[in-house]
Structure formats: structure tokens, C-alpha cells
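Okay, so here's the structure we're looking at.
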Amino acid sequence: MDQVKLTIDKREVVVPKGTTILKAAATIGIHIPTLCYFELKGMNITNKPGGCRICVVEVEGRRNLAPACVTEVMEGMVVKTNSVRVYNARRTVLELILSDHPADCLVCAKSGDCELQDLAIRFGVREIPFQGEMSTYQLETSPSIIRDNNKCIMCRRCELVCNEFQTVGALSAVDRGFQAVVTTAFNQKMSHSPCTFCGQCVAVCPVGALTEVDNTPRVMRAIANDKKTVVVQVAPAVRVALGEEFGMKPGSIVTGKLTTALRELGFDYVFDTDWSADLTIMEEGTELIDRLTRHLNGDKTVKLPLLTSCCPAWVNFFEHNFPDLKDIPSSAKSPQQMFGAIAKTYFADKIGVKREDLIVVSVMPCLAKKYECAREEFIIDGNPDVDFSITTRELAHMIKQANLDFETLEETDFDSPLGESTGAAVIFGTTGGVIEAACRTAVEVITKKPLDRIDFEELRGLEGIRAATIDVDGFPLKIGIAHGLSNARKLLEQIQRGESDFHAIEVMACPGGCINGGGQPLNHGDAEIIKARWAALYEADRNFPVRKSHENQSVMTLYKEFLGEPCGHKSHELLHTHYFDKQKVIEIKAD
Amino acid sequence: MSSIKIQISQNTRSKIEEICKSYNYEQGELINVLHKTQEYLGYLPAEAQEVIAKEMNIPTAKVYGVVSFYSFFTMVPKGRFPISICMGTACYVRGAEKILDEFKKQLGLSVGETAPDGLFSLASLRCVGACGLAPVVLVGEKVYGRLATDDVKGIIDEYKNSADVI
């Protein structure tokens, strides 16, 4: 590739042609401030509208200042990133943004993790000289996401992920000039839009315009209520990300400290969503085996490929966009909901507590889980299977508030019986993990032989769409994997056209899967963090003595004592669900 | 868990479908589709935007983004007699703002609004190419030039009376 030589702050640098000034400067350790710019390397997410102008630099011979994030280098270019002219311009830009931004940092949900606040600190802003009109938008709350458009700085990152990466199209920039803002069609509620509550808009928002619904006060009230028994379940991806909130390095596996912290917080039983992930595999795997067997026996009515159904944002997505395919996904509930259904029946009976006196809390890397547990079909006589879902970030706040020194906490285990799990369950937290776990069980059950290998390397990776063929005693089992709803859309359109030859497809809505869910510690555009969490999940898997879901003894006991057999009558009642057509209907009315 | 319903008349739906088809459902033609639809309906109600979004396979939010961005598009039905005051440079320096203020006062409307009885709506626009007649006002397609604030009442009455006759 052609190389270009230029000078940045009196230092020579050689970079490939087409590199931006921003990236060229970064190669020699000069970090030009940015705000609207956002990139998740390797995940096909790049937002560089060149709109905020915080990254302006001086280019010799050029009349005006150049935005570094979109200006490509040229041979012999002389760039100054730290001249007085640049300082003044950046400061003015920042002051103008701040002049229409609420200065309520003390009580803002994003405080301490806000990129605008960081810039104000970095620039040492002490006053906002521009006084003028302020935006006055109404706060909008949905089951998962809170939108405060008064804080929107029009970086348009959310619009990019919602439209380009997720192809959901719930958000768009509307209006112009001072009124310009990112919102839904006709400023309707998010629950009236095709929003899937994946929360990636929240994950990329640099400020407090998009934040999660905070359920921690409700959880704390439940814990404080002596009449209630409070059970908590923790999703796999939480244990490889929570440490970051306490300054630990990305990819730290903090399972043991996490369980201790939850006990210190006062939860009566500390259980694991990994347990119900194993249960999910028993149900979903059995469904896959059943559909495959029928298919091989020539049954033309059987629907293939089977699509995974663990990810609630993905479920929302096909309900909104592909209702014609709603019979294809596995009918198995997600691990969060399976856990709730079993906790409030089997476990409640076991400990002699009435359903209404048992509170189930979930800690999830996800915002759509908040929406999921509030879905009508998961509420029985006004009592939800899962009462409250909180994110990894919300749990971190609870731990900090409880004066716990997380890093030095001693390590403990999950409680029994809903705390036992396997390596197959822990990899549910990453793209490819659910289908690998399913393969470990399905292949062994079909061939009736122990697997000669447990690691299905061909299913792993972070490419948006992956395909692999697994040999099952001579039968080529074709697996598709997609993460990011734009990628899922491509696979679904293939199915609609009748061109898909996959037997099973795993879909996760977020880039990387749950490790990078909307409820995780913010990555601020550092894809290395996601890779570290990804590697940590596979490490956790390797560390398990048991790595196949059907060898989870506690789950086997559940079938023996309570459920009977996978996909049996009781399972169908408690562990399976159905999907709805949520596409907007255009009705004809009389003239 | 039912889906959201949008209601629209058969005629409007067919017309919008026809317009979208005439532009071959090309997403790049959205603005033209919106123009044609507004020409037909007089404005772009949310329901019409929903149908356009569905036909063109563009998110409704994006369609609304375009409609709200361009001042030519309106989501409010215009009055039977739409009044537009030219605020182009020539008209502006010859007192268009005072004329606009007078219309606002007489009609009790702000720019972009339509009277509850649907008779008048008020809009401002940029240069109609009749600078020699500045300041210029359009009522429907009729042009009134060299106006003074005193003329405003007469114009309004002219249309009020014609409405009474009809």
C-alpha cells in the first residue's frame, strides 16, 4: 500500500495512504480529542460525521482548520494539533455545546463515564460564556431505555448503530438548526417504534441523553423487606466485565468475587443464569434434534433452520420485521426467563415460599432483558417470573454504594441447586457460544458417543456472519451465526428467499454478543475490551470440570424430580413460549 | 402484544402506492415521492409517511427526519386560502416583516399554523421571483405586490367574503 509521509507536531510520521490525521497522530501517541467520532474496530461500526469539530487541527497552507477524524493525510502535510488557534477553536466549540447542555452533572446517570464531561475536565472549562436558549424536550421512559433529548449533542452515534448496524430504524435525526435532535418517528414513544431495546444506542451515547432504566432502588427495597425471599441470577457475560467498573483489567474473571458481593448486598440466594443456560440447551437442543430427525425422515412440514431465541432484542427484531418467520425460532424461553419460571415453581416449593413472596432479580449485560421480563406472557396473575432486571453497570453502583472493596473480596461459589453450571453455559455470553453449547449436547445425543473434542473452534470468532459444517457421524450439520441485527437480517432474507441451507442459526443482537451488551461497562470505542471479555469466557469454559450442558447434575435432578423429560408436557408449560406479529398494520378506513 | 395500527383511506393509500411505484421504489427518490404526495394531499400526515416508509422500505423515523428537515414539507393541513409572505431579501428590506406581523395579528396565527375553521393558514417563504413588486404576498396562487400593512385587512376580508358567498 502507498505510504504517505507527513509531520504532526514537528514529528515525522509515515502511514498508509487514506489514513486520517486522527489515526496518523495516534500512531505516534498524540491523542486528538474527539466527541462525535466513534469506532469499534473490526465490528463494522464507524461514526465520523465530522460534525462536532472538537478534533480540529491546523494544516499548513490550509485556510480553515481541518477536522482530524475525516481529513485524510497527504504527502508532506504539516499538521499542528496543539497550537493556540486550535486550542481556542476547540474551546469555543466545547463552550457552544455546553451552552445548550444541562449542567446537572452531579445527578446525571452518565456522570463519571461521560465523554463530554471528560472533555470539559480535559480543557479545564470553568465557565460557559455563551448564554442563550436551552432545549426543552420531555423525558421519555420505556421499559429499558430513558431518553433525555435535552442532553443530546447530535453526534448521531445512536442513529448510526440503530440504522446501519442494527437496521432497526427506530431513531433518526429530525428537524434542523437549533431544533435538530435524534428521536423516533413523530417523537413517539420508543414502545411505539420498531425499537428492539438492544441498548446499543445507550452503549455508544457519549453523554446522558440515552441511559438505562435504573431498577436498583426497587431491588434494594425488595432486599430490605423481611417478608420477601430475594433470589438473584447472574448472566454469563457479567462475570468477565464487572471487574472493569472497579479498575480491574478487561477480561478479568470475577465470578467468585461477584457471588460474595451479591451475598454482602443481602440477596438470600445467589444463583446463576448459567444454570438455566444449561437448561436452555436441554430444551433447545432437544428441539433441534427433533426437527433434524423429522427432517431426515422426510417430514416436509418441519421448519428449518432452527433459530436461537435467547436474545430478547433479536426476538423483538423478528417480531417487528419478519413476523412471517415467527414459527422458525426455537420456542425455548431465554435462560433469564427459564430461570424465573423454575425459581417461582420448583425452587419456591422446595424452600416452602409462596410465589408472591419470592422476588427474582437478574443481573444482565443487557437492556432488552428489562423489557423481556415485563412481557405479558411472562407474568402470571400479575406476578412476573423475573421481577427486576439490572445491568452490570447498575450492579457496580450497588456494590460501590455498599462500601465493598470489590477487588479484595474473597471468592465464593454460587448457591445450590440453581447455581451449578458447565463450561457450555458460560460461553452463552458471546457470539457463537449458544450454538457451540447446543452442538456439544446435540452431537453427543445423536451419535450416542462421547465427543472426541469439546472445542468447536470453527464456530468461534468475531466476524459478523459465520458459517461452519459439523460432521455428525457423516451427516453435515450446517450452522450459521450472526451478531448484529443487520447481519441477522441478511440470513433471514436468505431464508425468505428459500436460499438458506443452514440447519440452525444463532443470532445475538449486539456486536460480539452479550459480552458487549447494552448493559455492560461502556467500551468507549475500544474493541480490545470486547476481545478480552471474549477470550475470558472461553478461558472460564476451559476451567470448568464439566463442559457439556447435559452433564449438569443439578439440571438432570430437575428433570428427574420435576420436569420429566426435555420438551415434555411440563417443560412446554414452563420453559417454552410463542412469538407475536408486531409489524405495524396499515388499515383502510372509510373516506 | 398486539401490533400498532395505522388507519388511512383507500384512495390515499392507492395514490401513495402509485406515486412510490412511479419512482420505482428507489430510496433516493424519497424527496420526490414526498413532494408528489404533498401535492396530492396538501400536507404529509403521519399516516401517509407510514405508508411511504413501508412502500419504499425506509424506516418511518428516516422519512419523518426528511419531512421535518425541509421547510417546504408540512404535517399540518393548509387552509383553504394559504397565505404566504415572501421573506426574501428584497421583500424583507421593503417591510415584509411588518406585513407578516399584521397578518399574524389579524388572523391570530403563527407561521406554520392553520386557523381552526380551516379557512386560512400562514407561511413564510423565500423569494418568489417578483422582487420588483416587493413586498409580496401569495394567497393560493394569486400574487399581491407593493403591499403596506393597511392592505392586509382588505385581503383577508376579500377571502372571508368569497368564502361566505360559497
Any hit, region A:317-337, residues being in contact with a His (Cβ under 8 Å, 6 or more places away or on another chain), among the small types (Gly, Ala, Ser), in a loop (DSSP other than H, G, I, E, B) and closer than 30 Å to A:Pro476 by Cα: yes
Number of the exception - A:Thr136 against (1) farther than 19 Å from A:Asp175 by Cβ; (2) assigned to a loop (DSSP other than H, G, I, E, B); (3) of a type in the set (S, T, N, Q): (1)
Given (1) in contact with a Ser or Thr (Cβ under 7 Å, 6 or more places away or on another chain); (2) more than 14 Å from chain B (Cβ to nearest Cβ); (3) more than 30 Å from A:Arg453 (Cβ to Cβ), number of the condition A:Asn523 does not satisfy: (1)
Neighbours by Cβ (under 6 Å, 6+ apart or cross-chain): first from region A:178-190, over 14 Å from A:Ile146 (Cβ atoms) and assigned by TED's automatic domain parsing to the domain that holds A:Arg157; second in a helix (DSSP H, G or I) and not hydroxyl-bearing (Ser, Thr, Tyr): A:Val181/A:Asn149; A:Val182/A:Cys158; A:Val182/A:Glu159; A:Ala185/B:Ala61; A:Phe186/B:Ala46
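From the residues in region A:173-218 that are assigned to a strand (DSSP E or B) and not charged (D, E, K, R), which one is farthest from the chain's Cα centre (by Cα)?
That would be A:Val174.
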Filter pass, B:Val67 being in contact (Cβ under 8 Å) with a residue 40 or more places away in the chain and under 20 Å from the mean Cα position of the chain (by Cα): no
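Would region A:395-413 turn up any residue that is under 17 Å from the mean Cα position of the chain (by Cα) and surrounded by fewer than 24 Cβ atoms within 10 Å (Cβ to Cβ)?
To start, the set of residues in region A:395-413 that are under 17 Å from the mean Cα position of the chain (by Cα) comprises A:395-396.
From what's left, surrounded by fewer than 24 Cβ atoms within 10 Å (Cβ to Cβ): A:396.
Yes - at least one qualifying residue is present in region A:395-413.
Would a scan of region B:11-18 turn up a residue that is under 30 Å from A:Ala374 (Cα atoms), touching a residue at least 24 places away in the same chain (Cβ under 8 Å) and β-branched (Val, Ile, Thr)? Lay out the reasoning, then the answer.
Looking only at region B:11-18, we keep the residues that are under 30 Å from A:Ala374 (Cα atoms), and these are none.
Checking region B:11-18: not a single residue is under 30 Å from A:Ala374 (Cα atoms), touching a residue at least 24 places away in the same chain (Cβ under 8 Å) and β-branched (Val, Ile, Thr).
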Listing of helices (runs of 4 or more DSSP H) fully contained in region B:1-105 that carry 1 or more residues being closer than 25 Å to A:Ser172 by Cβ and within 14 Å of another protein chain (Cβ to nearest Cβ): B:10-22, B:30-41, B:46-56, B:60-69
Extreme residue, surrounded by the most Cβ atoms within 10 Å (Cβ to Cβ), among residues of region A:177-197 that are more than 8 Å from chain B (Cβ to nearest Cβ), farther than 20 Å from A:Trp314 by Cα and β-branched (Val, Ile, Thr): A:Val182
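Please count how many residues of region A:551-578 are within 14 Å of chain B (Cβ to nearest Cβ) and either without any contact (Cβ under 8 Å) to a residue 60 or more places away in the chain or farther than 25 Å from A:Ala424 by Cβ (or both). Before the answer, list the steps.
Going residue by residue through region A:551-578, those that are within 14 Å of chain B (Cβ to nearest Cβ) are A:577-578.
Within this subset, residues satisfying the condition of being either without any contact (Cβ under 8 Å) to a residue 60 or more places away in the chain or farther than 25 Å from A:Ala424 by Cβ (or both) are A:578.
Here the count works out to 1.
Every residue in region A:462-478 that is of a type outside the set (D, E, K, R) and in a strand (DSSP E or B), please.
Going through region A:462-478, the residues of a type outside the set (D, E, K, R) turn out to be A:462, A:464-465, A:467-470, A:472, A:474-477.
If the condition is that a residue be of a type outside the set (D, E, K, R) and in a strand (DSSP E or B), then A:Ile465, A:Ala467, A:Ala468, A:Thr469, A:Ile470, A:Val472, A:Phe475, A:Pro476, A:Leu477 are the ones that fit.
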Residue in region A:29-48 that is within 28 Å of the chain's Cα centre (by Cα), at negative phi and of a type in the set (Asp, Glu) present: yes
Matching option when the condition is closer than 23 Å to A:Ala277 by Cβ and of a type in the set (Asp, Glu), among A:Glu499, A:Glu587, A:Glu573, A:Glu528: A:Glu573
Sole exception among (1) within 28 Å of B:Tyr40 (Cα to Cα); (2) loosely packed, with under 15 Cβ neighbours inside 10 Å for B:Ile85, by number: (2)
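The values are calculated or read from the model by the stated rules, or taken from the named source; none is laboratory data. Please read all numbers here as calculations on a predicted model, not as lab measurements. Note: ideal-geometry Cβ built from the backbone for every residue, glycine included; neighbour counts use all protein chains shown.
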